[in-house]
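Some notes on the structure that comes next.
Read-outs throughout are calculated quantities, based only on the coordinates presented, and are distinct from any laboratory measurement. The structure presented is a predicted model; accordingly, all values stated were derived computationally and were not measured. When we count neighbours, we look across all protein chains shown, and the Cβ atoms used for this are built from the backbone with ideal geometry, even at glycine.
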Amino acid sequence: MVLVTTPLSVWLVVTAVGAVSFVYRLSFFLLFGWLDSVPHRVQRPLEFVGPSVIAALVLPAVLVQGGSVSVFTPELAAALVAAVVAWRTENVAATVAVGMVVLWTVGWLA
């Protein structure tokens, strides 16, 4: 099967994906706009969406090196230390700064 990509076909796909994403997100606003409050059975699981997305984005970058899972990487050390700093200080700037210092230090020592 030959896939022909033209600028028009790329723009059509981008537009279609954007429209589907927009309608999907709009459906939540419309659904919950009709309700006085979000039911607890729906609200409780939605609290975990943000942390789940962050974990899904960060963990592969931290654990995978050269196409395979590594037990110890500078990124893992920096992520663990940054997680502790974030938990104790709740300060984004301190978390990023300490995480970068640990990443550079462990990378330099390794």
Put a dot 7 Å past each Cα toward the Cβ at Val17 and Leu59; how far apart are the dots in nm? 2.4 nm
Expressed as a rounded percentage, what relative contact order does the range 48-110 have, with Cα pairs under 8 Å and six or more residues apart? 27 percent
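Could you grab the relative contact order for the chain? Cα pairs under 8 Å, six or more apart, rounded to a whole percent.
15 percent.
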Gaussian network model of the chain, springs between alpha carbon atoms under 10 Å - residue of Gly50, Gly99, Gly33 with greatest fluctuation: Gly33
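Calculate the FRET efficiency for Trp87 and Phe28 from the Cβ-Cβ distance with a Förster distance of 41 Å, rounded to the nearest 0.05. Each step should come with its number before you reach the end.
Values: r = 30 Å, r/R0 = 0.73.
Between Trp87 and Phe28 the formula returns 0.85.
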Mean ellipticity per residue at 222 nm, deg cm²/dmol - from DSSP H runs of n ≥ 4 across the chain, formula -39500 (n - 2.57): -25500 deg cm²/dmol
What distance in nm separates the two pseudo spin-label positions at Trp104 and Val49, each 7 Å out from Cα along the beta-carbon direction? 3.7 nm
